[in-house]
Amino acid sequence: MPTYDYYCEANDRKVEVIHKMSESIANWGELCQRSGAALGDTPAETPVRKLISGAAIVGSTGSGPEPACASGGCCPGGMCGLN
């Protein structure tokens with residue numbers, strides 16, 4: 001299952017939790033219950049939001065640099081580093 005980061009503005013905390021892609025967490029109480037974090041002074045009904053995070057590369061072996069763009073025109077000026 002994927003790992004997600006949620007942020008609570010009320011207490012300025014970021015908490016990591018694992019759940020199915022089809023699920024979501026709406027408030028601090030749900031987040032604490034799912035992650036095992038302490039509720040603390042923050043009311044359980046306080047809203048939280050899922051943070052956008054980068055995706056992991058599936059199947060990467062780390063065996064070397066990525067191949068250059070086949071078309072030669074995917075990254076103007078070589079900004080992506082693939083020459």
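The values are calculated or read from the model by the stated rules, or taken from the named source; none is laboratory data. Because the structure is a prediction, the values reported are computed rather than measured. We place every Cβ from the backbone using ideal geometry, glycine too, and count neighbours over all the protein chains shown.
The number of residues in the range 8-26 being assigned to a loop (DSSP other than H, G, I, E, B) and β-branched (Val, Ile, Thr) comes to 1.
So if I check each of Ser22, Ser60, which one is at pLDDT 90 or above, loosely packed, with under 13 Cβ neighbours inside 10 Å and among the hydroxyl-bearing types (Ser, Thr, Tyr)?
Ser22
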